[in-house]
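Let me give you the structure first, and then I'll get to my questions.
The values are calculated or read from the model by the stated rules, or taken from the named source; none is laboratory data. Please read all numbers here as calculations on a predicted model, not as lab measurements.
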Amino acid sequence: MRRTAEESARTRAALMDAALFVFAETGVANARLVDIAARANVTRGAVYHHFTDKMALFGAILAESWDALTVSVWAELDGEGPVRERLTAFLVAWLRDLRENERFRALLTITMSGSVPKPADMDDEIEIRAYHDWRDRLARHVSPHAASSLLAWLCGTAMLAAADTDLLPPADPDGVESLLRGML
């Protein structure tokens with residue numbers, strides 16, 4: 001039976017969503033394609049139809065999920081108004097999404113685990129470039145030193161969320177504002 005492009009796209013999205021959670025729960029190295037297929041309610045053959053192997057699926061998640069899952073957070077910083085207010089809104093949105101958006105948290109869990117295998121077609125510098133990209137994006141709004149401090153805070157809160165969301169500071173503008181006073 002021939003599938004439509006829309007059905008194929010839905011299957012691919014279901015596989016990526018299932019893999020995101022399986023990778024976060026078991027680690028990429030321990031994840032099995034059969035478990036990903038079962039979670040997506042498709043056959044293992046469907047996995048191979050869309051991805052050559054587990055690392056291709058993992059690479060697709062890294063390549064396609066970051067922008068989609070962080071767009072609302074970055075929108076707070078890239079908006080209009082005084083930079084301090086936008087930074088506060090950005091950090092509050094970051095904390096809110098770490099607490100409430102399970103996909104956001106899962107993506108950060110797999111990328112912050114420290115034991116993420118690198119897809120074969122991913123060059124050695126991609127992870128370092130990603131951190132530089134985030135720091136540079138923050139530095140459009142604050143000094144390079146403050147951008148590095150903010151990046152360290154973002155990474156730290158992501159690690160806390162991966163361990164236990166109860167360890168996160170509250171998504172409270174007043175608390176975030178006091179943090180910014182110490183950084184900026």
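Report the residue count in the stretch 60-114 for those that are over 21 Å from LEU179 (Cα atoms) and basic (Lys, Arg).
Number of matching residues: 2.
Can you go through ALA106, ALA130 and tell me which one is modelled with pLDDT under 90 and closer than 25 Å to PHE21 by Cα?
The match here is ALA130.
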